[in-house]
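Accompanying notes for the structure given below.
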Amino acid sequence: MDQCVTVERELEKVLHKFSGYGQLCERGLEELIDYTGGLKHEILQSHGQDAELSGTLSLVLTQCCKRIKDTVQKLASDHKDIHSSVSRVGKAIDKNFDSDISSVGIDGCWQADSQRLLNEVMVEHFFRQGMLDVAEELCQESGLSVDPSQKEPFVELNRILEALKVRVLRPALDIVEAPRRGRRGWAVSNREMLIAQNSSLEFKLHRLYFISLLMGGTTNQREALQYAKNFQPFALNHQKDIQVLMGSLVYLRQGIENSPYVHLLDANQWADICDIFTRDACALLGLSVESPLSVSFSAGCVALPALINIKAVIEQRQCTGVWNQKDELPIEVDLGKKCWYHSIFACPILRQQTTDNNPPMKLVCGHIISRDALNKMFNGSKLKCPYCPMEQSPGDAKQIFF
């Protein structure tokens with residue numbers, strides 16, 4: 001992070017200079033144009049177009065030319081200074097970041113199968129971001145065949161999400177068209193699956209639309225009362241919220257913004273509904289909320305400096321066998337809590353992470369060690385816990401699951 005801060009500091013200096021230079025250049029050139037324009041007008045009025053210039057006027061023109069030359073030289077000098085600032089950004093990047101990352105690469109990682117998997121991950125990422133044309137172009141260039149049914153859910157979800165970002169609920173609920181065409185909105189169509197995963201998305205969508213009706217005042221009172229029927233399926237789990245919404249109808253005449261229910265107009269709930277929709281929609285598709293490619297890229301950016309340092313130390317000490325590049329790292333690299341997805345257990349005896357072949361085992365005394373450590377420590381039919389003096393039978397240890 002320190003390296004990033006250093007580069008950002010140099011970049012901010014350049015941007016500040018660019019901004020100042022632009023303003024200075026614009027102001028200086030405008031003053032020159034006004035000055036020369038005024039001088040031209042004065043000459044034409046005093047002497048006409050073909051008249052010979054007087055000595056005084058010639059001196060004024062000489063001074064005008066000198067002023068133009070000085071201004072241009074000053075702007076050129078400032079522009080040159082900006083170039084030196086830009087070059088300092090490049091030097092800061094070269095100094096703080098190692099451009100050669102091949103030393104921490106794994107041999108064979110770009111073979112045909114791995115390349116195909118990477119292309120599939122990239123295509124899915126572009127689908128998730130709504131960049132369908134980019135995904136299709138990548139499929140054509142890489143020769144990757146993607147089932148059209150894989151793309152269709154992302155098209156609909158991106159359409160709904162983009163609408164929610166501009167506070168349009170119609171694609172999600174299909175409020176206007178559904179009764180007329182006999183069509184149900186996305187949330188209503190997926191109601192059973194949303195309820196199965198204990199989601200409140202549909203209720204919150206209806207709630208937001210009801211609030212949008214409240215903002216119209218008494219004009220929308222009848223429509224709001226009619227729309228309140230949509231809350232019936234959610235009465236059991238959201239009774240208190242529904243009572244609040246119905247109570248706000250009393251204040252329509254004076255305006256919700258001037259009532260005790262002003263909290264209903266909080267703008268943050270629109271950002272929340274976008275997050276909830278993304279989370280629940282991805283869950284229905286069996287996808288993670290965040291793109292795997294984005295997560296991997298972010299984790300790589302955090303881990304890369306540490307990996308390069310580890311590799312350099314290993315090469316200096318000539319102990320290349322410590323890191324086999326495939327199974328594990330010789331030290332732990334902290335990626336931050338954002339990258340914690342499941343619990344892991346490192347055996348305190350062997351200092352290794354447990355695996356399916358070497359799972360964590362709970363001893364009778366309650367302490368936990370790995371199965372490999374258990375097998376190495378028991379003597380005959382007895383095992384002495386490494387943390388307490390309790391003796392026990394190795395057979396009494398039980399595998400635990402996190």
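The values are calculated or read from the model by the stated rules, or taken from the named source; none is laboratory data. Values in this document were obtained by computation on a predicted structure and should not be read as measured data. Virtual Cβ from ideal backbone geometry, glycine too; neighbours counted across all protein chains shown. Ligands, DNA and RNA are excluded from the accessible area calculation, which covers all protein heavy atoms including side chains. Shrake-Rupley method; radii C 1.70, N 1.55, O 1.52, S 1.80 Å.
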Condition set within 13 Å of the chain's Cα centre (by Cα) and surrounded by 14 or more Cβ atoms within 10 Å (Cβ to Cβ), scope the stretch 297-315, selection nearest to G130 (Cα to Cα): answer is S298
Could you please let me know if Q325 is exposed (fewer than 13 other Cβ atoms within 10 Å of the Cβ) and either at pLDDT 75 or above or of a type in the set (S, T, N, Q) (or both)? no
Residues of the stretch 212-262 being more than 22 Å from R170 (Cβ to Cβ), open to solvent by 70 Å² or more (accessible area, probe 1.4 Å), outside any helix (DSSP H, G or I) and hydrophobic (A, V, I, L, M, F, W, C), in sequence order, are L236
Filter pass, D94 being acidic (D, E), modelled with pLDDT of 75 or more and surrounded by 12 or more Cβ atoms within 10 Å (Cβ to Cβ): no
Could you list, in sequence order, the residues of the stretch 51-89 that are closer than 19 Å to L24 by Cα, touching a helix residue (DSSP H, G or I) at 6+ places or on another chain (Cβ under 7 Å) and among the aliphatic types (A, V, I, L, M)? I68, L75, I82, V86
Filtering the stretch 134-160 down to residues that are open to solvent by 60 Å² or more (accessible area, probe 1.4 Å), over 19 Å from A281 (Cα atoms) and of a type outside the set (S, T, N, Q) yields E136, E137, E141, G143, D147
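Conditions tested, residue by residue: (1) open to solvent by less than 60 Å² (accessible area, probe 1.4 Å); (2) without any contact (Cβ under 8 Å) to a residue 60 or more places away in the chain; (3) hydroxyl-bearing (S, T, Y).
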position	(1), (2), (3)
P360	yes, yes, no
V364	no, yes, no
S370	yes, yes, yes
A373	yes, yes, no
F378	no, yes, no
K382	no, yes, no
C385	yes, yes, no
F401	no, yes, no
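Residues checked against (1) within 30 Å of S142 (Cβ to Cβ); (2) exposed (fewer than 13 other Cβ atoms within 10 Å of the Cβ); (3) modelled with pLDDT under 80; (4) among the hydroxyl-bearing types (S, T, Y):
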position	(1), (2), (3), (4)
V5	no, yes, yes, no
E12	no, yes, no, no
T36	no, no, no, yes
L39	no, no, no, no
Q49	no, yes, yes, no
Q63	no, yes, no, no
For the stretch 359-368, check the following and say yes or no: at least one residue is closer than 30 Å to E290 by Cβ, modelled with pLDDT of 80 or more and touching a helix residue (DSSP H, G or I) at 6+ places or on another chain (Cβ under 7 Å). yes
If I filter the stretch 192-211 down to residues being assigned to a helix (DSSP H, G or I), in contact with a helix residue (DSSP H, G or I) (Cβ under 7 Å, 6 or more places away or on another chain) and open to solvent by 30 Å² or more (accessible area, probe 1.4 Å), which single residue comes out as farthest from E257 (Cα to Cα)? M193
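Rundown of residues vs (1) in a strand (DSSP E or B); (2) hydroxyl-bearing (S, T, Y); (3) within 30 Å of S296 (Cα to Cα), yes/no style:
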| site | (1), (2), (3) |
| --- | --- |
| S343 | no, yes, yes |
| P348 | no, no, yes |
| T355 | no, yes, yes |
| C365 | no, no, no |
| N375 | no, no, no |
| Y387 | no, yes, no |
Restricting attention to the stretch 161-170, which residues are open to solvent by 80 Å² or more (accessible area, probe 1.4 Å) and assigned to a helix (DSSP H, G or I)? E162, K165, R170
